[in-house]
Structures are given as structure tokens and as C-alpha cells.
Amino acid sequence: MNREQTLSHLTIGALAERLQRCCLERGVTLTTAESCTGGGVASAITDIAGSSACFETGYVTYSNAAKQRLLGVPAAILAERGAVSRETVEAMVAGACRESGADLAVAISGVAGPGGGSAEKPVGTVWFAWGDTRACRSECRHFTGDRRAVREQAVHRALSGLLEALGAADSGATRATQG
């Protein structure tokens, strides 16, 4: 059973508790850069007492203008690739770490629905990135269900990915992009 399968059965609350323990053990600070989850990841993290010891700040950059203004996502990336893209979430990670001073960030941008999807990016398409100003790992997922279900699955995956990033940190930083 791989690490993701091990984490898949945990609730969002259990993932957040485990994440806080790992961050405190390693002395790592976190930040979030969220779009379609609307602060759900930051909320899950800060639901745990003592989270201020490892959580720096959360950015909810729902509009493209906010992504540019608060995180420095280049307008050209948004124009050419769109908000729901590998390039955008990777730029969001770098910007969130740079602006907050945190050690590790997660970025999420997707189409939660019920509208807004396209043939190329249907409802349920969510891009994630985890990393810092030097390197990150990104992936695209396709979730099912209504808006609430897509957002909940995205929060779960974001937290799981943070835990995976912390586990991978022991063996050195690498950059891998999946799509």
C-alpha cells in the first residue's frame, strides 16, 4: 500500500491533525493558496488547536486579479493556460511561500461546478501543487459529485499531498509534474 492509499481512509480532521504533528516535529511552517476550495484547506488546518505554531497564512485568490496581485501569478500564464492549470498552481505555490515566508505551500485551482466547465476542463477538474519557492510537484485530478463533494475531495487531496511532501522532504527535494 502506497502513502496515498494509506492516507485516503483518513478524515479531513485526522489528516489536519497528522499534518500539524509532522510540521511541529520538523519545524516546518505552512501556507495555502486556494481558489476553488475557498479557504477549506486553511480552515481544516486551523480547526486544530495549536495550528498557529505551524500555519503562517492562507490566501483565497478566487479571481485571476487576486492571483496576480497577492501571489504574483503572471498575467501571461493566466491568459495562455488559464486559472485551472499546472502553470498557475505552480506560480501560486512560489508566490504564497515568497509572500508569507512559509516553508511549504499547497495551491489549488479547479472547476467545482455546477457550471464553468468546458470540454477541456470539465467540472471536477482540479490542479494541485505542493512545494516552495525552489521546487514543487503538481498534479491534476478529476473528482465527481456536486460542488460540495468536489471541494471536499480537493481539500482531502490537498492535505494528503502536504503530508506526502513532508515525507518526501527527508529524501531531498525533487520536481515531478504529473498531468
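The values are calculated or read from the model by the stated rules, or taken from the named source; none is laboratory data. Remember, predicted model here, so these are calculated numbers, not experimental data. Virtual Cβ from ideal backbone geometry, glycine too; neighbours counted across all protein chains shown.
Observations on the model:
- Subset of the stretch 13-45 that is within 14 Å of the chain's Cα centre (by Cα) and β-branched (Val, Ile, Thr) - its residue that is farthest from His156 (Cα to Cα): Thr31
- Residue check, Leu78 in contact with a Gly (Cβ under 7 Å, 6 or more places away or on another chain) and aliphatic (A, V, I, L, M): no
- Options Val111, Val123, Val106: the member that is in contact with a helix residue (DSSP H, G or I) (Cβ under 9 Å, 6 or more places away or on another chain), crowded, with 18+ Cβ neighbours inside 10 Å and within 19 Å of Ile12 (Cβ to Cβ): Val106
- Within the stretch 111-149, the only residue that satisfies the criterion of being of a type in the set (Ser, Thr, Tyr), in contact with a Cys (Cβ under 8 Å, 6 or more places away or on another chain) and farther than 15 Å from Ser35 by Cα is Thr133.
- Residue in the stretch 46-99 that is nearest to the chain's Cα centre (by Cα), counting only those that are surrounded by fewer than 22 Cβ atoms within 10 Å (Cβ to Cβ) and among the basic types (Lys, Arg): Arg86
- Of the residues Ala112, Ala119, the single one that is part of a loop (DSSP other than H, G, I, E, B) and at pLDDT below 95 is Ala119.
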